[in-house]
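Heads up, the thing below is written out as structure tokens.
The values are calculated or read from the model by the stated rules, or taken from the named source; none is laboratory data. Quantities reported herein were computed from a predicted structural model and do not represent experimental measurements. All Cβ positions, even for glycine, are placed from backbone atoms using ideal geometry, and neighbour counts span all protein chains on display. Just the protein is used for accessible areas: all its heavy atoms, side chains included, with ligands, DNA and RNA removed. Shrake-Rupley method; radii C 1.70, N 1.55, O 1.52, S 1.80 Å.
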Amino acid sequence: MVVKKPRIVIIGAGMAGLTAANKLYKTIGAKGGIELCVIEGGNRIGGRINTSEFGGDRVEMGATWIHGIGGSPVHKIAQEINSMESDEPWECMDGFLDDSITIAENGYVLNPSLVDPVSILFKNLMDFAQGKIKSIGNGNGNENEYRSVGSFLKKGLEDYWGMESRKERNEVIGNGNWNRKLLEEAIFAMHENTQRTYTSANDLFNLDYNAESEYVMCPGEEITIAKGYSSIIGSLASILPSGVIQLGKKVCKIEWHPNPETESHDGTRPVKLHFLDGTTLSADHVIVTVSLGVLKAGIRDSNDSGMLKFNPPLPDHKIEAISRLGYGVVNKLFMQLSQESACFNPFPFLQLVFHQGDSGVKNPKIPWWIRRTASVSPIYRKSRVLLSWFAGEEALELETLTDEMILEQVSTTLSTFLSNSADSHEQRNGNVVKNSSKLNLVKVSKSKWGSDPLFLGSYSYVAVGSSGCDIDKLAEPLTTSGSNPLQILFAGEATHRTHYSTTHGAYFSGIREANRLLEHYQCMD
């Protein structure tokens, strides 16, 4: 009697899916112990990792940083395959630029003596919320009263103001459009907008306060990968035999058996995958690594046949966890400076401070979608490629705009900041600030994670009303008992309670689900 090998199908050829495939193949697949198949709906591997080229430089359209090298499996792989060194320049090769120039709307260059206290305040508040420090100098009330990070930060700024005199707050600064309090509020908002890109939350009032301290950073410095993040993906996939990865196969329905006593679909394998092209594939186990955004779209009432559906539907506890967890959009905008553009030499890390609220002194030339970006900077110190980050509604708006509109509106915005920034050349942290009637950008490139049907966003966060327990519920396999256990398993960054939103979190989740299956078959031996 011939015993059929277990067939394991992995949906998604991103970090989680390829990590699971790599682990399974090296452990038992190479010995012929399983049939292994990786199904990818797109025309490339990598998922939300996508190294590209722009303006002659290597750039990352998706995942960019190794968030702490200590204990990071991504850093370990990069070292093993010699991806940490390159003869060609790459994005953020010199780390985080720290010699910033901060300019307020309408061209007022801010003195560090005004910017630094607010920056330190913001950092201390976030360090406290994340459990890195135990107290804040100015106090911030009872931490149990906060539901969101946004409300906590708002109270922290109000307490800071309470320590200052009213006279100081109303002091007129710069070109007459600002007083100290308005500037401090705008500088604080600039840091909030940076935090939005870290978390993908459209609004920090949507970001759960209690869960913030559960998130774990890997120790050590944060760095980028010289040969590109896609080199990690290529390494994971390189051991898989030809044909294991199938591109252009989008799953639209997963049939499974929640009742252990029911028969399998074809008498042998309990799970059946349906593809958009009309084909099907049966499996003993399916590891689902699609994004939380795709899972969210699939559980909504929709007749869209392109959405991923489960038949029967997922259990209520799983649906509720998917619904409550947060998932947002973060996009990167790359812009190339013309050779003639000499507003700065070299272009610095430029922090942008915008008027807040319904202020009547807002510059009407600046479109709303730019007002919540925090900075524009070269991707490394001497590059002519500039980068800005966008989150939430602004990131989605960016996706809808033509390159020509972006070029015009960004150039106009930056020119309003730079044209009045100095009556003569000024030295700022080694950068020469020059008057400029128009910043000359020649081309742009942007990511579009929100509108891409394979992702529908960028990464997850714990929203108000959710908790880390929902991440654990999302990670639970279906089912855990019966004659056909572990039919559907879940991996991906959104399934890791302490490292969600990161590539190493996705890696850890892929290892976790591969080990779950390996332990299952070891127990059956």
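Could you check the stretch 310-338 and list, in sequence order, the residues that are open to solvent by 10 Å² or more (accessible area, probe 1.4 Å), closer than 18 Å to Leu489 by Cβ and in contact with a Lys or Arg (Cβ under 7 Å, 6 or more places away or on another chain)?
Result: Asn311, His317.
Has the stretch 340-356 got at least one residue that is open to solvent by 10 Å² or more (accessible area, probe 1.4 Å), touching a Phe, Trp or Tyr at 6+ places or on another chain (Cβ under 9 Å) and aromatic (Phe, Trp, Tyr)?
Yes, that holds for at least one residue.
Quick one: Cys469 ticks every box in (1) assigned to a helix (DSSP H, G or I); (2) open to solvent by 30 Å² or more (accessible area, probe 1.4 Å); (3) touching an Asp or Glu at 6+ places or on another chain (Cβ under 7 Å) except a single one, so which number is it?
So Cys469 meets the others, but not (3).
Can you work out which of the residues in the stretch 33-56 that are buried (at least 18 other Cβ atoms within 10 Å of the Cβ) and modelled with pLDDT under 95 is nearest to the chain's Cα centre (by Cα)?
Gly55
Filter the stretch 472-488 down to the residues that are surrounded by fewer than 18 Cβ atoms within 10 Å (Cβ to Cβ) and hydroxyl-bearing (Ser, Thr, Tyr) and list them by number.
Across the stretch 472-488, the qualifying residues are Thr480, Ser481, Ser483.
Give the residue that is farthest from Lys332 (Cα to Cα), with candidates limited to residues of the stretch 89-109 that are open to solvent by less than 20 Å² (accessible area, probe 1.4 Å) and out of contact with any Asp or Glu (no Cβ under 9 Å at 6 or more places or on another chain).
For the stretch 89-109, the residue satisfying everything is Gly107.
Looking at Glu85, is it in a strand (DSSP E or B) and open to solvent by 60 Å² or more (accessible area, probe 1.4 Å)?
no
Any chance you could count how many residues in the stretch 57-82 are open to solvent by 40 Å² or more (accessible area, probe 1.4 Å) and either under 30 Å from Val442 (Cβ atoms) or hydrophobic (A, V, I, L, M, F, W, C) (or both)?
So the answer is 3.
Of the numbered conditions (1) under 30 Å from Lys446 (Cα atoms); (2) part of a loop (DSSP other than H, G, I, E, B), Gly293 satisfies every one except a single condition; which is it?
Of (1) under 30 Å from Lys446 (Cα atoms); (2) part of a loop (DSSP other than H, G, I, E, B), only one is false for Gly293: (2).
Restricting attention to the stretch 441-452, does a residue exist that is of a type in the set (S, T, N, Q), open to solvent by less than 20 Å² (accessible area, probe 1.4 Å), in a helix (DSSP H, G or I) and modelled with pLDDT of 90 or more?
Within the stretch 441-452 (the criterion being of a type in the set (S, T, N, Q), open to solvent by less than 20 Å² (accessible area, probe 1.4 Å), in a helix (DSSP H, G or I) and modelled with pLDDT of 90 or more), the answer is no, since none of the residues qualifies.
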